[in-house]
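Read through the structure below, which is laid out as C-alpha cells, and then see the notes.
Every number in this text was worked out from the coordinates using simple rules, so none of it is lab data. What you see is a predicted model; the values in this text were computed from it and never measured. Backbone-built Cβ (ideal geometry, glycine too); neighbour counts: all protein chains shown.
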Amino acid sequence: MSAPPVAEVLLSEEQIQERVRALAADISRDYAGQDLLLVTVLKGGFYFLADLTRALDLPVAIDFMAISSYRGDKGHSGAVRLIKDLDEELTGRHVLLVEDIIDTGLTASYLLRTLAARDPADLAICTLLERTARRIVPTLPIRYRGFEVPDAFLVGYGLDYRQHYRNLPYIGVLSPRSKDGT
Ligand code: PRP
C-alpha cells in the first residue's frame, strides 16, 4: 500500500483520542439528565461523532444531515442546499451540532438557522477543529472545541482531499505535490 501524501502529522491519533475523551467528559457533565440529540453533517463529521458518542456517559440520540455547498476558486461561496434532512424532531430537545471543522463558518451558520427554526430547547456546536484564520461568520455558539488549526490543507479523521484520506486515524497536512495533481 502506498503512503498517504501527508507532509506532516499535525495531530496524532493519540492526541485526537485524548481530546475527544475530554470533550465527551465535558458534554456528559453538562447535559446530564437532558434529552440530548447529536446532529452531524455528512460526510466529514462521522468519524468524530462515532468516537465522541462512544466516549459519552449519557443516553444520546444521533441523526445526520447532508448538504451540498458550492465552493469556487475562492473557497466557500455561502450557497448551501439541503440534500438529506433529519429523521428526528427537534422541538424541546437539547441539540448539539457536531462538526469536524469550522472554517469560514458558513456551513454551521446555515445549519444553525435550519435547526433553530425547529424550536429546540437548546442549540450549540461541538467542533473538533476550528480554523479562525478563514472565519467569515464572526459569532457562532461553539460550546466545545477540540483544537485550533492553522491555515493549511488538512486530511484525515474525516477530512478529505478529493474524497480520499478521510479514514486516516490522524490529521495531517497534505503534501503540496498532491494539490498540483502530481
Ligand atoms: C467541511 C466540514 C464542514 C465544512 C466547514 O465539509 O465538514 O461541514 O466543511 O467549512 P465552512 O466553515 O467553511 O463552511 P465539506 O463541505 O468539505 O464536506 P464533507 O464533510 O463531505 O467533506
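Calculation over all alpha carbon pairs of region 131-182 in 10 angstrom steps from 0 returns a P(r) of 21, 44, 29, 5, 0 percent.
What longest region of the chain stays clear of trypsin sites (Lys or Arg not before Pro) that DSSP places outside H, G, I, E and B and that have at most 10 other Cβ atoms within 10 Å?
The reported range is 75-161.
Classify region 1-92: rounded, prolate or oblate, from the alpha-carbon gyration tensor (a ≥ b ≥ c, eigenvalue square roots; a/c under 1.5 rounded; otherwise prolate if a/b is larger than b/c)? Cα axes put region 1-92 in the oblate bin.
Under 16 Å from a label point set 7 Å out along the Cα-to-Cβ vector of residue 162, no amide N atom of region 10-43 is found. Taking the chain as a Gaussian network, where each spring joins two C-alpha atoms under 10 Å apart, which residue of 79, 116, 55 fluctuates the most? Top of the fluctuation ranking is 79.
Using only Cα atoms, tell me the angle between helix 106-116 and the longest principal axis of the chain; keep it within 0 to 90° and round to the nearest 10. Between helix and principal axis, roughly 10 degrees. In the chain, a dipole from Cβ-located charges (positive for Lys and Arg, negative for Asp and Glu) runs towards its positive end, and of 50, 153, 102 it is 153 whose Cα lies farthest in that direction.
Across region 32-182, Cα-Cα pairs more than 20 Å apart make up 49 percent of the total.
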